[in-house]
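For reference, the structure discussed in these notes is given below.
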Protein chains: 4
Amino acid sequence: MTGQRLRIGIAGLGRMGKRHAINFHTLTHRAMVVAVTSPDQDECKWATENLEGVRVYLDYEEMLAKEDLQAVVIASATAVHAVQTLSAIEKGYHVLCEKPLSQDVAVAHSVVDAYKRSLRIHPKQKVMCGFSRRFDASYREAYKKVEQGDYGRPVVFRSQTADLHDSSGFFVNYAKTSGGIFVDCSIHDIDLMLWFLGENSKIKSLQAVGVIAVHPGLEAIKDRDNAIATVEFYGGRIANLYCSRMMAAGQEDTTEIICQRGSVRVNMEGRKSHVDVHDSLGVRRELPQHSFDRFREAFVTEAREFTSCCLDNTTLPVKLESSVRALAIGQALQRSLVSGEKVIFDELNAKL
Amino acid sequence: MTGQRLRIGIAGLGRMGKRHAINFHTLTHRAMVVAVTSPDQDECKWATENLEGVRVYLDYEEMLAKEDLQAVVIASATAVHAVQTLSAIEKGYHVLCEKPLSQDVAVAHSVVDAYKRSLRIHPKQKVMCGFSRRFDASYREAYKKVEQGDYGRPVVFRSQTADLHDSSGFFVNYAKTSGGIFVDCSIHDIDLMLWFLGENSKIKSLQAVGVIAVHPGLEAIKDRDNAIATVEFYGGRIANLYCSRMMAAGQEDTTEIICQRGSVRVNMEGRKSHVDVHDSLGVRRELPQHSFDRFREAFVTEAREFTSCCLDNTTLPVKLESSVRALAIGQALQRSLVSGEKVIFDELNAKL
Amino acid sequence: MTGQRLRIGIAGLGRMGKRHAINFHTLTHRAMVVAVTSPDQDECKWATENLEGVRVYLDYEEMLAKEDLQAVVIASATAVHAVQTLSAIEKGYHVLCEKPLSQDVAVAHSVVDAYKRSLRIHPKQKVMCGFSRRFDASYREAYKKVEQGDYGRPVVFRSQTADLHDSSGFFVNYAKTSGGIFVDCSIHDIDLMLWFLGENSKIKSLQAVGVIAVHPGLEAIKDRDNAIATVEFYGGRIANLYCSRMMAAGQEDTTEIICQRGSVRVNMEGRKSHVDVHDSLGVRRELPQHSFDRFREAFVTEAREFTSCCLDNTTLPVKLESSVRALAIGQALQRSLVSGEKVIFDELNAKL
Amino acid sequence: MTGQRLRIGIAGLGRMGKRHAINFHTLTHRAMVVAVTSPDQDECKWATENLEGVRVYLDYEEMLAKEDLQAVVIASATAVHAVQTLSAIEKGYHVLCEKPLSQDVAVAHSVVDAYKRSLRIHPKQKVMCGFSRRFDASYREAYKKVEQGDYGRPVVFRSQTADLHDSSGFFVNYAKTSGGIFVDCSIHDIDLMLWFLGENSKIKSLQAVGVIAVHPGLEAIKDRDNAIATVEFYGGRIANLYCSRMMAAGQEDTTEIICQRGSVRVNMEGRKSHVDVHDSLGVRRELPQHSFDRFREAFVTEAREFTSCCLDNTTLPVKLESSVRALAIGQALQRSLVSGEKVIFDELNAKL
């Protein structure tokens, strides 16, 4: 372990960007946030006030040109993820990019290709997509238990991402560019599915159904606020995904890995804290209101591990190809959701 | 309320028949088990020893001919459900028949028709299929909470019937005539789905996927030991069913009725009793080992309510048509499971 | 097993009496409620309307004189428990008497003595005090697990009976004759304590503290609405009891048997049903509102086992002496609660 | 908020010291660990290897003499807590001292007095005892809910600290200087009791009972491995404490604040993570193995808040007097545990 701290620039200071900035700045001892950038004046003002000693740029390329960075964390608008990542890859910087790399799978693949080429010149370069659940202690514990094999092989994978209902109108607006509920919500479940069922598992079929129950504004953009998918893999594995934007009590993410002789389940009884209230209504616990509440520590772990990975040249915790594959599956599910069609894949020629 | 006790004959003394016999005989004050019948000598012996004062027949028709009955409970082999039910209907007897009425939907429909015709002659006659979960206190509480409408309309229905793994070989043999996993396991979830989403809901699409994970013997009969289905309804409702024959800890039935502004969930944290054990492995609870353990009281309630319904001429708790529809849906899911095809239904011409 | 049904008379038709009447009349196949008695006209009217074929008496002795009974169930006012029990014992009848036998321990002892004398004449006579928790499936499962010895010997026993707050004024009035909170509420925990720690365990010390938090009317009768006791046994065992009349959500009874290498816990997460509600307040379950809700099945089991015990001349599930000892301990705790004194007992000369 | 970082020296590098060193060094952005000290060569070696850029001293006074510190964190042996704290107070340094300040209440009071005198010279000086639970998010949420008053005033306080059984022999050895189970384990519960029931609540009586169940070595030092206490307060409040060194599954801390019209409970269903395992034994979760696992975040919060408190001159989260009072109560309970006597206090002249 070297005493040097990783010099980081952060792109984007929205909800995710602010979180990354604080996590890297105050909770990641081996990292140093040198500069941040956002095209938004208010966000820049926030940075000036909250990130002491950090330089603030309105332009991403200017930051890259002027600062002596080693790594870039990209949490900007999805539309610029790919171009910003490519630019950083070209400079030989390590990159942690928020998911998705792009809404266009071809573009995402081109980023992967660029990274592969760059590795020939910068063999220690690290480029990773931020899939926070891979850094969650409970998911890791679950993975370890499944991997030990005591319960046989995983057969059925069930997972959900169900978010608190947003009545502010923010969500419907956001949905226009989010790529649809399977790309926006279920992408994490898809990533976990690949992790638990095997990154190389071949998909045999997939299909999805959904409804618009509380956000009529989704009609115009052909999205849904609740959806269910089934995915069938060659080799005898099936998956079931549920995503929702309508939860009344809070954010509910659960995952079940059902193996031949036992199952491992994550967060079946969510709770915000260790507190229960007993009153005239019964016994009550509160739920996390947002995935940030649930995965707060995972985001910090992600920051710390990405930093260590770059400084110590260790293996990336999540492969970039896997993240692109998750995106492709999410988009295929979204298409099935809209068309109503079940898509069947040839084993030898699977494109997902 | 009259002091008269309902004179009942019971057909079939296998696992279900024994349970019904005991429930009606010892826990249903207003019923009197007059006679039982089974073609199996051992079962008849059991009856002689355990059902005091009850006459025992090897032949169903003989029992019907010789005894002065008012009602028949049919828990015999599925293959004779329909013919025994028809015979009892013809005599004007009330009938509680175990599910399914028949493996052949057309035959099941013919029983419904026979009942309708019989009602013209015996307007107080009651014929019902035994769907125990409709009599479970928790499901009823859930139904009441959903019906009150505080949470808006139900939008997503998720339900599972996951049975304890049977390593004795019994199950694979039984599966040969059970009609497949969706007819055998999920029939209860399908029944609940119709109850909660509306008996008249029209199905828009359905499909299923499944695997054989622990019972290779199912290959030959084209069944699966784990399966997942999605069902889409006109009017913006979707359902997700999971069935399994592979659970390691016990029987796990759960149901979630997710409404627009809240959700009601049944048995998300199953337990056999109120006991927890804390030892070096952690904190542990046991699960019911069989649906009998979980629904023991529901079966008693069913016996008592069926009896009261016959004696007091009140409305049947479960409509016979609904049970036949559940069967038809289960069979359609089973076909989709085998064929891999998603079936889409026309709104005006839905046959399910 | 004989076909004869146990001919039972029931004394008292208040809350407990009605429950016993219904349990014996409709859910206890081997029993037959022949007659009931209550000095209350309304209760007699209830019996006439609800207990078909059962004769109703205003006078207990008249019932005993006129009816050909085998057993009596006594659920009348505590003040007459002893005299009614004695009268039935004298006639050689089996007796199930609601707790406590008497508020006066000396009187209770005299009933035990009478029973012992009577046994010389009626060696098959059964006299038992109704401690429902001994018949609860979860407590029995816990007992079995502790008895197996896998966790070593029980060392710490913790138990609570915490009842729903009663705002009707009923409770304060009832408390006047209930013998105090330790005799009324904790008597069940004390009985369980003796069961789990050993009927012959010798008490080394006991003390109690308490408060009046919501029922100021208890001041005048020197009772409390919340109290905590510690009991120390010779041989290295301690117990901790909590009783309350102030719960907001429902009835909360929990018991922990903490052994050297593990612990067994009963009802740590109480719930009325298998239903959870998720709404804007969080995730919520309801609690049983009364011990009847929690122990409904235990009361039925008690009725059935008492009946079988009488008919088949098997060993009584709960010894009468143990019930009297529980009462004596409850009264000693109540005295300590009022006096504030810790009472220490000599090992050789323990009077409790 | 100033950009200056608090220059901290840490005394003691045992289990607690290492934790504090890491928390202040890597997770407390506004603090800078300048130097550490331990009389133990191995611990010093650990510091050299793990705390980059931090100077290491074998002698506490030498560290104080040579370094330009602003604050000292004392996590050394209890025997030197007071003298080290006094030395730091004298120099005007802020102090975070692990509990207890001293095993001798008189000495602890003398530290409080020294701090009060020092405040006249250094009015911004902060001296605090480390009671981690006050910094736990769940306890704070509970406190807030109780304080809001919706449930009326707190009446019954129940709390436990039950540690995992240690079979290594470490515990018995450690117990020799720990001050006894009530000072070592229950001190946190006592601190919480004062917090929830009121720092100024006057004790009316206290008593304790206990056993030696698994650690016979405690006999010689008159300690116990399981103990239960009751504490009675003037003004109608009672408390019940349980402490154990014998848990089989892990560390179990729970707290119940039972108010007049509702209750708030903390950690009634402990779990190490969000993972459940379903296997042939049932459904299982693991517990934290040590209070570090349970209160990991609370320790970090403590470090961060203490740092902010010093830098920003805000009010101390926990008053030093309260910590000394908790110690005095713990010692009084320990004396009662050994003597078997209940101690009753005069309201006007309470010394606790």
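Overall, segment D:144-226 carries a charge dipole of about 340 debye about its Cα centre when +1 sits on the Cβ of Lys and Arg and -1 on the Cβ of Asp and Glu, all other atoms neutral. Basic side chains Lys and Arg get +1 at the Cβ, acidic Asp and Glu get -1 at the Cβ, and with that the dipole of the protein assembly as shown about its Cα centre reaches some 0 debye.
Relative to the longest principal axis of the Cα atoms of chain A, the long axis of helix A:15-26 lies at roughly 60 degrees. Packing here is the average count of other Cβ atoms within 10 Å per residue, and on that basis the peptides C:208-214, D:166-172, highest first, run C:208-214, D:166-172.
Chain B residue nearest the rotation axis toward D, with distance: B:R284, 2 (Cβ to axis, whole Å). Antiparallel beta bridges, as assigned by DSSP with both residues in the protein assembly as shown, represent about 60 percent of the total such bridges. Simple point charges give the picture: +1 on the Cβ of Lys and Arg, -1 on the Cβ of Asp and Glu, and for segment A:6-130 a dipole about the Cα centre of about 620 debye. Measuring between their Cα centroids, segment C:288-309 and segment C:55-109 lie 20 Å from each other.
Across peptide D:256-267, the mean count of Cβ atoms from other chains lying within 10 Å of each residue's own Cβ comes to 6.
By DSSP, the beta bridges lying fully in chain B are antiparallel in about 55 percent of cases. Note on C:I344 and C:D104: the model spin-label points, each 7 Å out from Cα along the C-beta direction, lie 3.3 nm apart. The same position C:G235 in the other copies lies at 4.3, 5.9, 6.5 nm from this copy, comparing label points 7 Å beyond Cα toward the beta-carbon, shortest first. Relative to the other identical copies, C:G14 shows label-point distances of 5.1, 5.9, 6.8 nm, where the label point lies 7 Å from Cα along the Cβ direction and values run shortest first. Based on alpha carbons, the Rg and Dmax found for segment A:8-160 are 17.5, 54 Å. The mean number of Cβ atoms from other chains found within 10 Å of a Cβ in peptide A:226-232 is 6, as a whole number. Evaluating 6.51 cos²θ - 1.76 cosθ + 1.60 at θ = phi - 60° for every residue in segment D:250-260, the Karplus couplings come out as x, 7, 10, 10, 9, 9, 10, 10, 9, 9, 4 Hz, glycine and proline recorded as x.
Counting Cβ atoms of other protein chains within 10 Å of each residue's Cβ and taking the mean over peptide A:279-292 gives 6. A point 7 Å from Cα along Cα→Cβ stands in for D:E90, and the other copies hold the same point at 6.6, 8.7, 10.9 nm, listed in rising order. Over chain C, what percent of the accessible surface lies on carbon and sulfur atoms, probe 1.4 Å? Answer for chain C: carbon and sulfur cover 50 percent of the accessible area. A plus B alone minus the pair: what accessible area, both sides summed, probe 1.4 Å, in Å² to 100? Summed over both sides, the interface buries about 3000 Å². Hydrodynamic analysis of chain A uses the Kirkwood radius over alpha carbon pairs. Inserted into Stokes-Einstein at 37 °C and 0.692 mPa s, it gives a translational diffusion coefficient of 155 µm²/s.
In the context of the full protein assembly, A:V54 retains an accessible surface of approximately 20 Å², using a probe radius of 1.4 Å and ignoring ligands and nucleic acids. In terms of the mean number of neighbouring beta-carbon atoms within 10 Å, the peptides D:193-202, A:302-311 order highest first as A:302-311, D:193-202. On a per residue basis, segment B:6-130 carries 41 Å² of accessible surface, using protein heavy atoms and a 1.4 Å probe. The peptide list B:326-338, A:260-272, put in order of mean Cβ contacts within 10 Å with the highest first, becomes B:326-338, A:260-272.
For segment A:264-281, putting each phi into the Karplus relation 6.51 cos²θ - 1.76 cosθ + 1.60 with θ = phi - 60° gives couplings of 10, 10, 10, 6, 5, 10, x, 7, 6, 8, 8, 8, 10, 10, 10, 9, 5, 8 Hz, in residue order, rounded to whole numbers and with x for Gly and Pro.
Computed over neighbours whose Cβ is under 14 Å from that of A:Q41, the net charge equals -4, Lys and Arg +1, Asp and Glu -1.
In this calculation the C-beta distance from A:K351 to B:D150 is compared with R0 = 51 Å, giving a FRET efficiency of 0.65. Altogether, the Stokes-Einstein calculation at 37 °C and 0.692 mPa s, with the Kirkwood radius of the protein assembly as shown over Cα pairs as Rh, returns a diffusion coefficient of 93 µm²/s. Annotation: amide H-H contacts under 5 Å for D:I10 (H modelled 1.01 Å from N, sequence separation of 5 or more, or interchain): D:A35, D:V36, D:T37, D:V73. Counting only DSSP H runs of at least 4 residues, each contributing -39500 (n - 2.57), and dividing by the residue count of chain B, the helix-based mean residue ellipticity at 222 nm comes to -12000 deg cm²/dmol.
Considering every alpha-carbon pair of segment A:104-251, the percent of pairs per 5 Å bin, from zero through the bin containing the longest distance, is 2, 8, 14, 17, 17, 16, 13, 8, 4, 1, 0. Computed on protein heavy atoms with a 1.4 Å probe, the accessible areas place D:Y93, C:Y234 in the order C:Y234, D:Y93, largest first. Taking 4.7 Å between beta carbons as the limit, the unpaired Cys residues of chain A are A:C44, A:C97, A:C129, A:C259, A:C309, A:C310.
The values are calculated or read from the model by the stated rules, or taken from the named source; none is laboratory data. In this text, all values refer to a predicted model and were calculated from it rather than measured experimentally. Counting neighbours? That spans all protein chains shown, and the Cβs are built from the backbone with ideal geometry, glycine included. Surface accessibility is based on the protein's heavy atoms, side chains included, excluding ligands, DNA and RNA. Shrake-Rupley method; radii C 1.70, N 1.55, O 1.52, S 1.80 Å.
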